[in-house]
Amino acid sequence: MINQASWMERYSRQILLPQIGGVGQKKLGESSVGLIGTNSICQPFFLYGVGAGIGKWGVIDTIKSRATELASQANLRNPTVEVVVFPPNRLKRDVESWVKLFSIVIDASNDTSIQQQLASACQLTRTPIISAGYQGSTGWLLQAPCPFCLGTTPPPPSAKNIDTPLDAMVPGVIGTLLAQHVINFLLEPPKKLPPLLLSFTADRSTFLSQRPYIDPNCPSCHNPKKIN
């Protein structure tokens, strides 16, 4: 347990920010994030989130050793936070109980079946979820009730093939942006996470923020269990 003096020293500059302060810093310490994936987006997101003082983390990756390696970096960055690495099959056993452990869930997986499970579970449990991905020179954050009710074509899945063209800066930009986005959410959680598609195009150095059309008859929103 970190003492008050050490806590003030660690977060002193952040506490000076009027939008955070001591109250906001304590909120971050009491918050929790479920992270699925350990790709190039997850690494900057995780390290900045840990450094900011988000107190509890649950990490899952299809290869458990990668999640363990990511978690070990937290001890170097900020030993006051708690990181739990869950086995890859945890989502298959009971995804609903898993998402309920967290203030927000971040999906950076490349697996469509996992994405569908998470979307349905978060709908049922009313757990906020943000998806993140990248391809080529474009990266994005998708904040919506679920990825199936978008009226526009959703972003393509993150590239799995190492030979697929990729601007190396894109995951870092998206991961950093995701960290700030989640911190803002944890400081002032809205009653309902508004739909948002935020994209970054590296070769133009441009950001685009838009509110996607949501299908009012989406089967996942009205009956998430049908998607499982």
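A few notes on this one:
- Any chance Phe207 is more than 17 Å from the chain's Cα centre (by Cα), in a strand (DSSP E or B) and modelled with pLDDT of 90 or more: yes
- Matching entry among Ser97, Ser40, Ser32 (being of a type in the set (S, T, N, Q) and within 20 Å of Leu193 (Cβ to Cβ)): Ser32
- Filtered residues of the range 12-27 (kept if out of contact with any Gly (no Cβ under 7 Å at 6 or more places or on another chain) and surrounded by 14 or more Cβ atoms within 10 Å (Cβ to Cβ)): Gln14, Ile20, Gly21, Gly24, Lys26, Lys27
- Against the test of being modelled with pLDDT of 95 or more and loosely packed, with under 14 Cβ neighbours inside 10 Å, the options Glu30, Glu9 yield a single qualifying residue, Glu30.
- Here the condition is being buried (at least 19 other Cβ atoms within 10 Å of the Cβ) and of a type outside the set (Asp, Glu); of Ile63, Ile41, it holds for Ile41 alone.
- Pairs with Cβ under 9 Å, 6+ apart, first in the range 203-216 and within 12 Å of Val170 (Cβ to Cβ), second modelled with pLDDT under 90 and among the charged types (D, E, K, R): Asp203/Asp167
- Looking at Leu186, Leu196, just one residue is at pLDDT 85 or above, farther than 23 Å from Leu47 by Cβ and not basic (Lys, Arg), and that residue is Leu196.
The values are calculated or read from the model by the stated rules, or taken from the named source; none is laboratory data. Quick caveat: nothing in here was measured; it's all calculated off a predicted structure. Virtual Cβ from ideal backbone geometry, glycine too; neighbours counted across all protein chains shown.
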